[in-house]
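Here is the structure we will look at, set down as structure tokens.
Since every read-out is calculated from the coordinates, none of them should be taken as a lab result. If you're wondering where the values come from, they're calculated on a predicted model, not measured in any experiment. Cβ sites come from the backbone with ideal geometry, for glycine too, and all protein chains shown count toward neighbours.
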Amino acid sequence: MLNYCDFYEQQVMDGDSGRMRPDLIVRLPGERQIIVDSKASFEAFLEANHTNDLDKREIKLKDHARLLRQHIVQLGKKSYWHSFQPSVEFVILFLPAEVFFSSALQYDPTLIEIGAENNVIIATPTTLIGLLRGVAYGWKQDMFSKHAQEISDLGHELYKRLYDMNTHL
């Protein structure tokens, strides 16, 4: 994907709420960019999986869902898209495993809507790969458009030269 998708890691920018450092900035055709952040805490989830007490496990999984909700709201308030211009008006919250998201959704099924309200799109490895492939496809289409324009320009130039040659003949 590197042929069609440029990205930057750990770029630092001073924003309205202090220094901001998203984990990844993915460049899009048209000089736009997508911000990806992956700094969510999974401590409560890990603690839930290390206990045999079912009541404690449920409490920790509820904490995990609550903490993920808080992180989504806080991430939305950062408004990365204002500091990293030009950018799409949302941020991707990357969760490194599907199970982090699915277990949180069991205890808080509104997480997707909360994310949408706060301009935060939650992505797991599967959905992030899909998103990045879409970006790569956009880059390919952008390249094809540029090459088509070059071909068109060369065709016009060739026509003009042939016309001039015919006139001189």
* In straight Cα distance, which lysines are under 19 Å from Lys78, not counting same-chain residues fewer than 8 positions off? -> Lys39
* Structure fact -> With +1 at each Lys and Arg Cβ and -1 at each Asp and Glu Cβ, the charge dipole magnitude of the stretch 30-169 around its Cα centre, to the nearest 20 debye, comes out at 100 debye
* Structure fact -> Projecting the Cα atoms of Ile114, Gly134, Ala97 onto the charge dipole of the stretch 41-135, where Lys and Arg contribute +1 and Asp and Glu -1 at Cβ, the residue farthest towards the positive end is Gly134
* Signed unit charges on C-beta, dipole axis of the stretch 29-95, positive-most listed residue Ile72, His82, His50 -> His82
* Structure fact -> Note, the stretch 128-141: 3J(HN,Hα) by Karplus (6.51, -1.76, 1.60, θ = phi - 60°), whole Hz, Gly/Pro = x, goes 5, 4, x, 4, 5, 5, x, 5, 4, 4, x, 5, 4, 5
* Structure fact -> For the stretch 62-144 (alpha-carbon point model, no solvent) the Debye-based log₁₀ I(q)/I(0) at q = 0.11, 0.18, 0.20 Å⁻¹ works out to -0.34, -0.81, -0.94
